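For reference, the structure is listed below as structure tokens.
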Amino acid sequence: MVMLGSRLMGGYHKILGRETFIAPVVWEDGWPIVSYGTGKVEFTYPNPTDLPVGPKRTEEFFDDFNDEKIGFQWNYLGTPYEDFADVKDGHLRLKLLQKQVTPWELQGLSADMMERYQASGKTKECVSFIGKRQQHLKFEAITKMIFKPEQEETAGLVVLQNNAHQLRLEVFQNNAGNTCVSCITADSYVENKKLYYRESSHNTIEINNSLDNVLFLKIVSDETKYSFYAGADEKNMAIVSENIDGSFLGSETAGGFVGAYIGMFGSGVSEPKNKQVLFDWFSYNPIH
């Protein structure tokens, strides 16, 4: 039997959203019995002996951005009305648009989705983001970026369920002019029938990448726990924050059913910038 369902993390949370499942069926007295012996969908089943074995699908993912166009495995946030992302000379290039991953322009509007949509109106402003689905309970994602942030410029990696539920590994410039990396939780709450967004920083570190502006960012997931690392050397990345609770990314909290995405972003914060953040490559590998 084929059905829709969700893999649970921590026994309850559905961070991966809704997926397609298959379970064995036997017939007893004219009635179908699904998953005979347990009555529930199991994580694994023995392979049917009467079906041919197909090729094993590659679970690892690597993109060096050497193609002429952005691959179909990547998705945008909404319709890409603006031309903010492309690949050139072996790099993904994201423009630093004004709109941020957290939609502060909607702060304090009605918590009712339809009322909020009507109040904000249709906009063709985009978030400079591309991402791919988180497909595993445990994974490691790494990217090499080239970025020299100035004041009110940010870029990095994000685990995103929606604009109100996300974990970010964000690169920015502090008041002293130094390049820093923060781990940030973004979520929302309702008060007096209005929706408010909020962010909290778990930790911030300084990175000395002044020679070539190269930064390596890494996110490691262990079901509902996410850890964040950064550095100018891929082999010697520093801990930004470890074991951050990501259970709020689950559908039961965030709503919807599409599951979390992991991807790259950039923003000019207060205004769009005629500047791009470059990503040399991105890798995603499941942890078994």
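Sparsely packed loop sites in region 92-192 (the GluC sites (Glu not before Pro) outside DSSP H, G, I, E and B with at most 16 other Cβ atoms within 10 Å) comprise Glu125, Glu150, Glu152.
Shown is the FRET efficiency for Val2 and Phe61, computed with R0 = 22 Å from the Cβ-Cβ distance and rounded to the nearest 0.05: 0.30. For region 102-203, the spherically averaged projection of the C-alpha convex hull amounts to 8.5 nm². Taking the accessible area of the chain, probe 1.4 Å, and keeping the other protein chains in place, the carbon and sulfur fraction comes to 50%. Calculated accessible area for the chain comes out at 55 Å² per residue, all protein chains present (probe 1.4 Å; ligands, DNA, RNA ignored).
The helix-based estimate of mean residue ellipticity at 222 nm for the chain, built from -39,500 (n - 2.57) per DSSP H run of four or more residues and divided by its residue count, is -1000 deg cm²/dmol to the nearest 500.
Size descriptors for region 164-213: radius of gyration and Dmax over Cα atoms are 14.7, 51 Å. Please compute, over every Cα-Cα pair in region 1-135, the percentage with a separation greater than 26 angstrom. Within region 1-135, distances greater than 26 Å cover 54 percent of Cα pairs. Computed FRET efficiency, Cβ-Cβ of Arg198 and Glu19, R0 30 Å: what is it to the nearest 0.05? Approximately 0.50, to the nearest 0.05.
Looking at region 121-200, the trypsin sites (Lys or Arg not before Pro) that sit in a DSSP loop and have at most 10 other Cβ atoms within 10 Å of their own Cβ are Lys122, Lys124, Lys193. Listed values for region 137-142 are Karplus-derived 3J(HN,Hα) couplings in whole Hz (6.51 cos²θ - 1.76 cosθ + 1.60, θ = phi - 60°), namely 5, 10, 7, 10, 10, 9, and x replaces Gly and Pro. For region 220-288, the Kirkwood hydrodynamic radius comes to 15.1 Å, computed from all pairs of different C-alpha atoms.
How many angstrom separate the Cα center of region 199-236 from the Cα center of region 38-100? What the calculation gives is 22 Å, centre to centre.
Computed from the C-beta positions of Thr38 and Asn162 and an R0 of 25 Å, the FRET efficiency is 0.15 to the nearest 0.05. Rounded to two decimals, the Cα radius of gyration of the chain over 2.2 N^0.38 Å is 1.11. Any of Lys194/Lys225; Lys95/Lys193; Lys99/Lys275; Lys225/Lys273 with alpha carbons more than 24 Å apart? Name them for me. From Lys194/Lys225; Lys95/Lys193; Lys99/Lys275; Lys225/Lys273, over 24 Å: Lys194/Lys225; Lys95/Lys193; Lys225/Lys273.
Across the chain, the longest piece that holds none of the chymotrypsin sites (Phe, Trp or Tyr not before Pro) lying in DSSP loops with up to 14 other C-beta atoms within 10 Å covers 82-256.
The values are calculated or read from the model by the stated rules, or taken from the named source; none is laboratory data. For clarity, every value in this text was computed on a predicted model and none was experimentally measured. Every residue, glycine among them, receives a Cβ derived from its backbone with ideal geometry; neighbour counts consider all protein chains shown. Ligands, DNA and RNA are excluded from the accessible area calculation, which covers all protein heavy atoms including side chains. Shrake-Rupley method; radii C 1.70, N 1.55, O 1.52, S 1.80 Å.
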